[in-house]
Structure formats: C-alpha cells, structure tokens
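Structure first, then comments.
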C-alpha cells in the first residue's frame, strides 16, 4: 500500500513538473519571439503623410545625418524618443523602422525621383505593385526581368546609380514582404 501511495505521489509530482516545464517553455518562447516586421513606408503613409507629405521629401528636407544618427534639422532631440511621443506615438520597433527608412531616404539623395520619377512616380509604389522577390532575386512582376540586369540599361547613368537604385528597390520589396508575411 505504501509503495502504491509513493508511486501515485511521484506520478502527480512528475505531472506537475511537466506542466511547470511546459509553462516555462511558453514564457521563454514568448519573451524571445521576434518583433513583428514593420513596413515603415506604409506606417509613414498611414500616420504621417497628412501633415508631413511624402516620406522621402520630408526626410531630406527636415532631417539630417549626424554621424550615423538621424536628427531633426530644427529640433535635435533623440528622434526615437520623439517618434514614440509625437501624435500618439509609435512603438520602439516602429520608431527604429522609420529611422532606418529616413536614413535611407537621406542617403539616397532623391536619385529615384531624379532618374525614375517621371515614369514611375514613387519607389515604394513601384516595388509594391511591379516587383517581386523570386527565390531571392528582385524581378519585374509582369516582365519577368531580373532587376539587377535591367537597371543598368534602364534609367541609371552609372553602375553606382544602378546599384543604389537596385538596393533601394530591393529594400522596399523586402520590407513590404517582411511586414506582409511576418519576417
């Protein structure tokens, strides 16, 4: 009888330990879960465009690079903190995504608008509507053209411009897909 009672107690304890271990695993998994991907251009359009206009024009006119950081041309406070408080704020991951997008817009210097804007209007829309990633390659959605091969003979005057345009369009497409498909 004593042995049966001990076996039953051990089985109950083992069950409770298994439940506790499973619960601990869930907590650890949740704490290490990836932050959902953010499409910074879409976020800017939804939350900021009404007052600030197009993201690229805004970034180049109102922001500047200070070393590797992005800062306002008028207000030099921490941009991440400002974005988390301004007009209802954004989350820390959203602020980081916006700042990365602003940095890219400033560094790009308006090249897309200069070389491509007459026909394609906006890089984000071109990437969203007319480009796809096919096995990691940036391709024309309807033409099937490999953009790495096509851009040097279409619109870009130099190899450096073609590379810059390609990198920018690839980044747009990657952020769009990451936000749509979870990373």
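Computed quantities for the displayed model
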quantity	calculated
Matching entry among 83, 10 (being exposed (fewer than 11 other Cβ atoms within 10 Å of the Cβ), part of a helix (DSSP H, G or I), at pLDDT below 90 and outside the structural domain of residue 180 (by TED's automatic domain parsing))	10
Boolean, residue 36 is under 25 Å from residue 182 (Cα atoms) and either more than 20 Å from the chain's Cα centre (by Cα) or at pLDDT 90 or above (or both)	no
Residue selected from segment 145-155 under the condition part of a loop (DSSP other than H, G, I, E, B) and surrounded by fewer than 17 Cβ atoms within 10 Å (Cβ to Cβ), by the criterion modelled with the highest pLDDT	145
Lone qualifier among 151, 83, 98, 111 - being closer than 22 Å to residue 42 by Cα and over 17 Å from the mean Cα position of the chain (by Cα)	111
Some residue of segment 59-79 being at pLDDT below 90 and assigned to a helix (DSSP H, G or I)	yes
Enumeration of residues in segment 51-77 that are farther than 16 Å from residue 101 by Cα and touching a strand residue (DSSP E or B) at 6+ places or on another chain (Cβ under 9 Å)	73, 76, 77
In segment 115-131, the residues that are surrounded by 12 or more Cβ atoms within 10 Å (Cβ to Cβ) and more than 24 Å from the chain's Cα centre (by Cα)	115
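For every residue, the table says whether it meets (1) touching a helix residue (DSSP H, G or I) at 6+ places or on another chain (Cβ under 6 Å); (2) outside any helix (DSSP H, G or I); (3) surrounded by fewer than 18 Cβ atoms within 10 Å (Cβ to Cβ).
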{"site": "133", "(1), (2), (3)": "yes, yes, yes"}
{"site": "143", "(1), (2), (3)": "no, yes, yes"}
{"site": "157", "(1), (2), (3)": "no, yes, yes"}
{"site": "162", "(1), (2), (3)": "yes, no, no"}
{"site": "165", "(1), (2), (3)": "yes, no, no"}
{"site": "170", "(1), (2), (3)": "no, no, no"}
{"site": "173", "(1), (2), (3)": "yes, no, no"}
{"site": "176", "(1), (2), (3)": "yes, no, no"}
{"site": "179", "(1), (2), (3)": "no, no, no"}
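The values are calculated or read from the model by the stated rules, or taken from the named source; none is laboratory data. Quick caveat: nothing in here was measured; it's all calculated off a predicted structure. Every residue, glycine as well, gets a Cβ built from its backbone with ideal geometry; the counts of neighbours run over all protein chains shown.
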